[in-house]
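Working notes, structure below.
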Amino acid sequence: MLIAQVTDIHLGFEPDSPGEFNRQRLDRVLDELAAMTPRPDLLLATGDLIDRGDRESYDRLREAFAGLPFPVHYALGNHDVRATFSQAFPEIALDGGFLQYVVEAGPLRLIVLDTLEEGRHGGAFCEARAAWLQARLDEAPAVPTLIVQHHPPFEAGIAWMNTDPAEPWVERLAQCLRGRSNVIGLVCGHIHRSITAVWEGTPVATCPSTAPQVALDLRPIDPDVPDERNLIIADPPGYALHWYNGRQLVTHWDTAEDHQVLARYDANLQSMIQHMLSERPGP
Ligand SMILES: [Fe+2]
Ligand SMILES: [Fe+2]
């Protein structure tokens with residue numbers, strides 16, 4: 001089972017520019033994923049799908065994802081607008097007013113959560129959403145389950161993008177997941193970097209963005225003193241590949257760019273490969 005993930009696409013950052021930088025970056029990633037062997041079984045697009053909540057950008061998003069050789073499942077981020085998303089994707093139903101749903105994906109059950117509170121940058125997860133999640137988890141307590149959402153529930157350490165562990169939504173989500181040994185992980189976005197942490201006993205992987213990345217800077221930040229630190233950097237567009245091997249979820253991150261290859265599997269290196277494989281127990 002191979003699950004691809006893209007996040008933080010931010011289409012429409014350059015208004016009225018269909019060929020904008022963020023679209024070029026997205027297309028590069030989607031081209032790579034579509035051509036990949038083995039092919040991903042599905043693609044998660046985990047929020048900040050567009051930048052300013054406008055219908056035109058959602059239409060362009062739809063066009064960008066059309067024709068992919070695997071299904072796409074969307075989550076919403078803080079830059080998204082539910083009503084406008086729903087107009088552009090009328091076939092995707094809201095549940096209780098939120099974009100939250102279950103995907104039965106072979107051996108895995110995916111639960112996509114909605115952590116958007118319109119007007120707020122950080123995450124949200126209200127009592128209604130918590131009750132919905134508890135009910136979904138109660139339906140299949142033994143099936144390996146992956147939680148999918150935009151906002152990371154852990155403190156990433158990048159001060160201006162942080163989730164504060166004291167935010168009430170974090171504890172509400174934690175309460176839902178405590179004692180659920182079938183929850184094998186949580187995948188998210190929002191920080192525009194590859195980050196992993198174990199939060200409340202659950203492995204969490206944050207996918208790099210297709211849009212420009214956030215600079216790595218772990219210093220505290222003073223809202224009264226702009227200190228010229230780097231905030232956004234044009235590092236290559238990234239994606240995640242989550243491989244479920246029947247035992248655990250293994251997350252790989254990569255960038256869609258022309259990698260500089262230093263060694264290939266040719267006759268010169270065949271004996272090295274043979275030696276490495278011969279050490280393994282085999283079937
Ligand atoms: Fe974002
Ligand atoms: Fe975000």
Quick note on 231, 61, 26, ordering by fewest other C-beta atoms within 10 Å, gives 231, 61, 26
Here the Kirkwood hydrodynamic radius of the stretch 62-217, Cα-based and in Å, equals 16.3
State the dimensionless ratio Rg/Rh of the stretch 22-88 (Rg: radius of gyration of Cα atoms; Rh: Kirkwood radius). 0.97
Within-13-Å neighbourhood charge of residue 227 [Cβ basis; K, R +1; D, E -1]: -2
Reduced to Cα centres, the span from the stretch 70-98 to the stretch 8-23 in Å works out to 19
Using the Cα centre of the chain as the reference point, and only Cβ charges (+1 on K/R, -1 on D/E), how large is the resulting charge dipole? Debye, rounded to the nearest 20. 980
Could you line up 39, 247, 136 from fewest to most neighbouring Cβ atoms inside 10 Å? 247, 39, 136
Over the stretch 158-216, calculate the relative contact order: mean separation of alpha carbon pairs under 8 Å at least 6 apart, over the residue count, as a percent. 28
P(r) of the stretch 72-164 in 5 Å steps, Cα pairs, percent per bin? 2, 13, 22, 23, 19, 13, 7, 1
DSSP bridge pairs, the chain: antiparallel proportion in percent, nearest 5: 55
Among 221, 282, 248, whose Cα lies farthest out toward the positive end of the dipole of the chain, if unit charges sit on the beta carbon of Lys, Arg (+1) and Asp, Glu (-1)? 282
Could you give the length gained on full extension between residue 230 and residue 264, defined as 0.36 nm per residue of separation minus the Cα-Cα distance, in nm? 8.6 nm
What 222 nm value per residue comes from the helices of the chain, counting each DSSP H run with n ≥ 4 as -39,500 (n - 2.57) and dividing by all residues, nearest 500 deg cm²/dmol? -7000 deg cm²/dmol
Can you pull out the trypsin sites (Lys or Arg not before Pro) in the stretch 1-78 that DSSP calls coil and that have at most 15 other Cβ atoms within 10 Å? 52
So, relative contact order of the chain in percent, Cα under 8 Å, 6 or more apart, is 19
Using the crude model of +1 on Lys and Arg Cβ and -1 on Asp and Glu Cβ, and no other charge, please compute the dipole size for the stretch 180-270 relative to its Cα centre, in debye to 20. 540
Taking GluC sites (Glu not before Pro) as candidate sites, keep only those in a DSSP loop with at most 10 other Cβ atoms within 10 Å, then name the longest stretch of the chain containing none of them. 92-227
Rg and Dmax of the stretch 2-278, Cα atoms only, in Å: 19.2, 61
What FRET efficiency would be calculated for the residue pair residue 87, residue 143, taking the C-beta separation as r and a Förster radius of 35 Å, to the nearest 0.05? 0.55
Considering the Cα positions of the stretch 1-149, please state its Rg to one decimal place and its Dmax as a whole number of Å. 15.5, 48
For residue 56, project a label point 7 Å along Cα to C-beta. Then give me every residue of the stretch 7-21 with its amide nitrogen under 20 Å of that point. 9-21
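None of the figures in this text is laboratory data; all of them are computed from the coordinates on show. Predicted model, so just to flag it, every value in this text is computed and none were measured. Neighbour counts run over all protein chains shown; Cβ positions are idealised from the backbone, glycine included.
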